[in-house]
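Here's the structure, in structure tokens; my notes come after.
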Amino acid sequence: MKQPIKELNPKFLESTQNKEHLINYLLGVADNYLILGQRLGELCGHGPNLEPDIALTNISLDMLGQVRSFYQYIAQLRGDKSTEDDIAFLRKEREYKNVLLLEQPNTDFGYVIVRQFFFDVYNKMFLNALQQSADETLRALAFKGIKEASYHERFSGDWLKRLGDGTEESRSRVQEAVNDLWIYTDELFQTTTADDAMIEAGVAPDMSAFRDTYYEKVKELLTIATLDIPEVAYFQKGGKEGLHSEHMGFILTEMQYMQRAYPDSKW
Amino acid sequence: MSEAEIKSLEAQFDAKIARDEKIEPKDWMPEKYRKTHIRQISQHAHSEIVGMLPEGNWITRAPSFRRKVALLAKVQDEAGHGLYLYSACETLGITREQMYEDLHSGKAKYSSIFNYPTMTWADMGAIGWLVDGAAIINQVPLCSTSFGPYARAMVRVCKEESFHQRQGYEIMLSLCNGTEEQKEMAQDALNRWWWPSLMMLGPTDAASTHTEQSMKWKLKRKTNDELRQQFIDQTVPQAELLGLTIPDADLKWNDGKGSYDFGEINWDEFWQVVKGHGPMNKKRLDDRRNAWENGAWVREAASAYAAKQKDRKKEIAKAV
Ligand SMILES: [Fe+2]
Ligand SMILES: [Fe+2]
Ligand SMILES: [Fe+2]
């Protein structure tokens with residue numbers, strides 16, 4: 001269903017509102033990478049073995065690489081003196097737009113893998129679709145990120161199979177993670193006003209079109225991993241609108257510590 | 001084997017090392033050589049992975065993207081070093097699991113430097129500059145050590161360690177070019193890491209036990225005191241360039257010997273930390289043990305899954 005890419009009207013960004021929407025849309029995308037990268041960074045040196053430790057650090061590095069490109073683009077759009085670091089480290093809780101899923105803690109390796117898998121399946125579809133964006137910069141970023149996103153999905157999917165179809169203990173642990181994190185998956189497909197405006201403009205892919213495929217893929221792998229598919233009546237959302245869990249303040253406290261304690265310093 | 005036969009094997013073995021040929025895992029080697037190498041290489045591997053902890057402590061708080069990414073990559077390099085070294089050691093007939101057990105039980109040692117806390121961001125600079133710096137001085141000679149797998153692992157490791165050292169120095173440089181507070185932070189880190197870094201080069205020659213044997217097997221080329229002198233002579237001008245003061249009132253250039261004189265090292269502190277009573281010994285070992293114990297179910301799952309996959313493949317092969 002690939003449609004020919006329509007280029008963005010060069011006048012599009014002359015409208016303050018369009019620019020505002022684009023920036024907010026980009027924050028929604030980029031903050032996911034930031035918070036997941038930060039969460040994975042907590043694990044470095046504490047993995048169940050050296051190989052997965054190294055692999056998770058790699059994913060963290062990929063996330064941080066990705067987010068920097070997005071923040072640099074935002075800084076460029078803003079046209080003021082703000083830098084990637086200001087955007088990452090100097091906002092307040094309500095200004096971060098990551099989904100709730102990614103701020104969930106590293107309860108155990110099972111939670112880490114399930115959180116990663118739920119995001120990776122989405123992220124790969126997202127970057128694939130973003131390659132059709134009307135915005136040239138975003139097309140390039142999507143193209144750059146897709147290869148590593150596929151690798152991440154394979155990594156987390158493989159581990160999900162090992163944990164699900166491993167021992168009794170691992171199955172019950174990872175099942176619990178699946179049950180707990182499932183309620184956060186739907187938010188990946190929620191849109192904000194900014195998102196809607198960017199979908200309308202052809203800048204953002206309409207991810208709601210991928211919702212069914214997403215759940216098919218996830219359920220297929222859960223089944224292969226001999227895991228049960230949770231049935232829930234209600235999903236959680238809010239992160240994209242800046243309504244976060246209680247974890248968020250602590251993530252930011254740690255992440256922003258240096259920038260807050262030593263304002264205007266160069267590192 | 002008769003005693004005479006062993007003597008002749010040993011003579012051939014010594015001659016081989018003297019000719020600068022490598023000893024490979026399949027070659028005959030004296031039991032003492034094997035044991036010494038298992039001890040040293042595993043200790044080195046443990047140092048790499050325990051060494052991930054003090055710096056890992058700052059990943060989530062790194063002050064900028066550039067620094068966060070560089071620090072993550074550095075700590076990940078150390079994991080890679082651990083991996084090469086454990087593999088090199090495994091060729092001597094010990095498993096990684098056994099080595100971990102020895103680490104966790106306290107039987108195997110790791111570099112004492114990692115038993116100091118990383119209190120401030122400047123510690124990331126000081127560790128890269130001084131600790132990786134001292135490690136390089138210790139390790140460069142090992143690139144041509146007699147045991148092949150160890151020598152080859154060290155070639156890769158040393159390249160990355162030089163990069164770490166430059167990166168650490170660069171962190172210090174940014175701090176020293178920064179605000180008053182940042183400069184103080186840098187000086188404080190140097191004050192805390194200087195003496196422990198000197199201790200990293202090992203006890204004085206007078207107190208060192210295995211030097212002669214190690215020289216013969218090319219596990220050592222220079223004595224601890226020579227290495228320490230080399231480290232000091234190389235580092236003092238770097239500190240001057242940063243505008244920092246080495247915390248040693250007795251440090252003075254000695255024209256006659258063409259190197260620095262320096263003050264007395266507190267060997268009581270050295271032995272205290274080596275024997276397990278440094279500020280962070282317990283925390284470091286607890287962290288390693290916890291990571292290993294909390295990961296047990298994950299490793300068990302992976303091997304159970306691999307075994308099932310193997311059985312399934314067999315069944316498919318039978319059915320075809
Ligand atoms: Fe090392
Ligand atoms: Fe290393
Ligand atoms: Fe290093």
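The values are calculated or read from the model by the stated rules, or taken from the named source; none is laboratory data. Source: prediction; values computed, not measured. Note that each Cβ is placed from the backbone with ideal geometry, even for glycine, and that neighbours are counted across all protein chains shown. Surface accessibility is based on the protein's heavy atoms, side chains included, excluding ligands, DNA and RNA. Shrake-Rupley method; radii C 1.70, N 1.55, O 1.52, S 1.80 Å.
When the charge dipole of the protein assembly as shown is built from unit charges on Cβ atoms (+1 for Lys and Arg, -1 for Asp and Glu) and taken about the Cα centre, the candidate among B:Pro141, A:Asn106, B:Gly276 whose Cα reaches farthest toward its positive end is B:Pro141. Put a plus charge on the Cβ of each Lys and Arg, a minus charge on the Cβ of each Asp and Glu, and nothing anywhere else: the dipole of chain B about its Cα centre is then about 1560 debye. How many times 2.2 N^0.38 Å is the alpha carbon radius of gyration of the stretch A:1-46? Taking the Cα Rg and dividing by 2.2 N^0.38 Å, one obtains 1.80. Against chain A, whose longest principal axis comes from its Cα atoms, helix A:50-78 is set at around 20 degrees. Only Lys, Arg, Asp and Glu carry charge here, each on its Cβ (+1 for the first two, -1 for the last two); on that basis the stretch A:15-261 has a dipole of about 500 debye about its Cα centre. For the residue pairs A:Lys19/A:Lys266; A:Lys219/A:Lys240; A:Lys144/B:Lys310; A:Lys240/B:Lys68; B:Lys7/B:Lys218; A:Lys219/B:Lys68, alpha carbon separations beyond 31 Å are given by A:Lys144/B:Lys310; A:Lys219/B:Lys68.
Simple spin-label estimate for B:Ala319 and B:Trp271 gives 6.9 nm between the two label positions (7 Å along the Cα-to-Cβ direction from each Cα).
Relative to the dominant Cα principal axis of chain B, helix B:281-294 is inclined by about 30°. Within chain B, the proportion of Cα pairs with more than 35 Å between them is 28 percent. For the set A:Asp196, A:Asp186, the ranking by accessible area, highest first and with no ligand, DNA or RNA atoms included, is A:Asp196, A:Asp186 under a 1.4 Å probe.
Restrict the search to the stretch A:1-68; then list the GluC sites (Glu not before Pro) that DSSP places in a loop and that have at most 15 other Cβ atoms within 10 Å of their Cβ. The partial results should precede the final answer.
On the way: sites: A:Glu7, A:Glu14, A:Glu20, A:Glu42; in loops: A:Glu7, A:Glu42.
Passing sites in the stretch A:1-68 are A:Glu7.
The residues of the stretch A:241-267 occluded by other protein chains by 40 Å² or more of accessible area, set against the chain on its own, are A:Glu254, A:Met258, A:Tyr262, A:Trp267; surface from heavy atoms, 1.4 Å probe. Each residue of the stretch B:88-97 was assigned a 3J(HN,Hα) from its phi angle through the Karplus curve 6.51 cos²θ - 1.76 cosθ + 1.60 (θ = phi - 60°); the sequence is 4, 5, 4, 5, 8, x, 9, 8, 4, 4 Hz, with glycine and proline shown as x.
Averaged over its residues, the stretch B:166-320 has an accessible area of 56 Å² per residue, based on protein heavy atoms and a 1.4 Å probe. Averaged over the residues of B:72-79, the number of partner chain Cβ atoms lying within 10 Å of the residue Cβ comes to 5. Calculate, for B:Lys216 and B:Glu170, the FRET efficiency according to 1/(1 + (r/R0)^6) with r their C-beta to C-beta distance and R0 30 Å; round to the nearest 0.05. It comes out at approximately 0.15.
The mean count of C-beta atoms from other chains within 10 Å of the C-beta of residues in A:105-117, rounded to a whole number, is 1.
Can you compute the equivalent ellipsoid semi-axes for the stretch A:15-261, i.e. the square root of 5 times each eigenvalue of the Cα gyration tensor, sorted largest first and rounded to whole Å?
29, 21, 17
A Cβ-based charge dipole, computed about the Cα centre of the protein assembly as shown with Lys and Arg at +1 and Asp and Glu at -1, lands at about 1340 debye.
The angle between the Cα long axis of helix B:180-199 and the longest principal axis of the Cα atoms of chain B comes to about 50 degrees, rounded to the nearest 10. Shown here: the protein assembly as shown, whose C-alpha atoms stretch 83, 72, 41 Å along the first, second and third principal axes, sorted largest to smallest.
Think of the stretch B:169-313 as a dipole: +1 on every Lys or Arg Cβ, -1 on every Asp or Glu Cβ, centred on the Cα centre; then among B:Met215, B:Ile232, B:Trp253, B:Met215 lies furthest on the positive end. The fraction of accessible area contributed by carbon and sulfur in the protein assembly as shown is 52 percent, rounded to a whole number (1.4 Å probe; ligands and nucleic acids excluded).
If you filter the stretch A:196-267 for trypsin sites (Lys or Arg not before Pro), then keep DSSP loop positions with at most 13 other Cβ within 10 Å, what is left?
Values: sites: A:Arg211, A:Lys217, A:Lys219, A:Lys237, A:Lys240, A:Arg260, A:Lys266; in loops: A:Lys237, A:Lys266.
Counting only loop positions with at most 13 other Cβ atoms within 10 Å, the trypsin sites (Lys or Arg not before Pro) in the stretch A:196-267 are A:Lys266.
Once the partner protein chains are put back, the stretch A:160-177 shows a loss of at least 10 square angstrom of accessible area, versus the chain by itself, at A:Lys161, A:Arg162, A:Leu163, A:Asp165, A:Gly166, A:Thr167, A:Glu169, A:Ser170, A:Arg173 (probe 1.4 Å, ligands and nucleic acids excluded).
Taken per residue, the accessible surface of the stretch B:1-47 reaches 62 Å², heavy atoms only and a 1.4 Å probe. Using only Cα coordinates, the Kirkwood hydrodynamic radius of the stretch B:182-320 works out to 19.8 Å.
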